[in-house]
Number of protein chains: 2
Amino acid sequence: MTTESQVRQEPSLLTTLEDLGLRKTSARYAVTSRIENGSDAFTAEELCRQLPEVGRATVYRTIRHLVDAGALCKLPILDGAPMYSIARVEHHHHTICSKCGAVGEFRHSTVERVMRSLAKEIDGQITGHKMEIFITCNSCLASESDSSSDA
Amino acid sequence: MTTESQVRQEPSLLTTLEDLGLRKTSARYAVTSRIENGSDAFTAEELCRQLPEVGRATVYRTIRHLVDAGALCKLPILDGAPMYSIARVEHHHHTICSKCGAVGEFRHSTVERVMRSLAKEIDGQITGHKMEIFITCNSCLASESDSSSDA
DNA sequence: ATCCTAAATGATAGTTAGTATCAGTTAGCA
DNA sequence: TGCTAACTGATACTAACTATCATTTAGGAT
Ligand SMILES: [Zn+2]
Ligand SMILES: [Zn+2]
Ligand SMILES: [Zn+2]
Ligand SMILES: [Zn+2]
């Protein structure tokens, strides 16, 4: 009856920081809860704006800790500041809506299998990979068809 | 006898710019030939340093034209300025050596096929994808095994 | 060949995104 | 309750661009 889902409660980002041996401060509480309560991917500057009571340096430092710990993904959106999103699954890839910037996470064994098979084709030793799928998300598709019906 | 390779000569980056309706200037000649004669991927700032006679704004502008035209790839190396490399194949992906930054290009139909099959799994409409494989390149592997033999 | 003009250049100033410094504050432990 | 290393945040700084604009130039017209 003591299933894994009961034992392992969702670890908050603040807990992640504690587990790194870092102190539980009010600034860190503010940053991590803002990230967890926010609905989507965000940039460092956005977070700074949303948390004027926390110093910029602290916001950036906290993000860096979380990225290093693997609790946040850093997504390089070309032309502009990188976005961050909570890493919910260990190894995964991202979908990014080119219209609205919504970020999704996915994992598919086929992708991983193909990666392994590429080892033969590629010179040197593979140490990792990254992949982003660019999409127009459903809500952007919906609003697109709205405006096209006006024309 | 008039094979395609004879008709279609390797289009230089300067020609790419001309084809965009841009003028053939000495600054553009300097930038494009430096890129073509350089051996590997480069950053914008590197190019500026190598071409002190060309204004920074012009270097950046020229790079942007070439990226827009698809003649250069812009690679987001996390933490730092993006690197650029000449796009030799239409659609392709990159290998990046984490040790020395060497950039390679590859294309494999399996990857593209998997992408198409992912359409079912993913919400929204796929518009494109990107993929980077991180490697330790052969020359970095060689120098690694050198130093380990010292220990 | 020379003139004309829009295109291009490059010095400089400005912006954005992030890092370093460091005096003051605070968490967590004794 | 006090101690001290960890942490904070104001400020200054740097890196990587981007905007401005007076000056120069490519390339077509004559
Ligand atoms: Zn969207
Ligand atoms: Zn993967
Ligand atoms: Zn290498
Ligand atoms: Zn592809």
Members of B:K74/B:K99; A:K120/B:K74; A:K24/A:K130; A:K74/B:K120 lying beyond 22 Å, as alpha-carbon distances in this model show: A:K120/B:K74; A:K24/A:K130; A:K74/B:K120
Shape call, segment A:1-118: gyration tensor on alpha carbons, a/c limit 1.5: oblate
For A:133-140, mean number of other protein chain Cβ atoms within 10 Å: 5
Added length on full extension, which subtracts the Cα-Cα distance from 0.36 nm per residue, A:S117 to A:K24: 29.1 nm
Relative exposure of B:H92, A:H91, A:H129, judged by other C-beta atoms within 10 Å (fewest first): A:H91, B:H92, A:H129
Per-residue average of Cβ from other chains inside 10 Å of B:114-122: 4
Long-range amide H partners of B:C100 with built H, under 5 Å: B:C137
Antiparallel %, DSSP beta bridges [both residues in chain A], to 5: 70 percent
Sorted by Cβ density within 10 Å, fewest first, the residues B:I133, A:I86: A:I86, B:I133
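Only the coordinates and a few stated rules stand behind these numbers; no lab work does. As the structure is a prediction and not an experimental result, all values here were calculated from the model. Note that each Cβ is placed from the backbone with ideal geometry, even for glycine, and that neighbours are counted across all protein chains shown.
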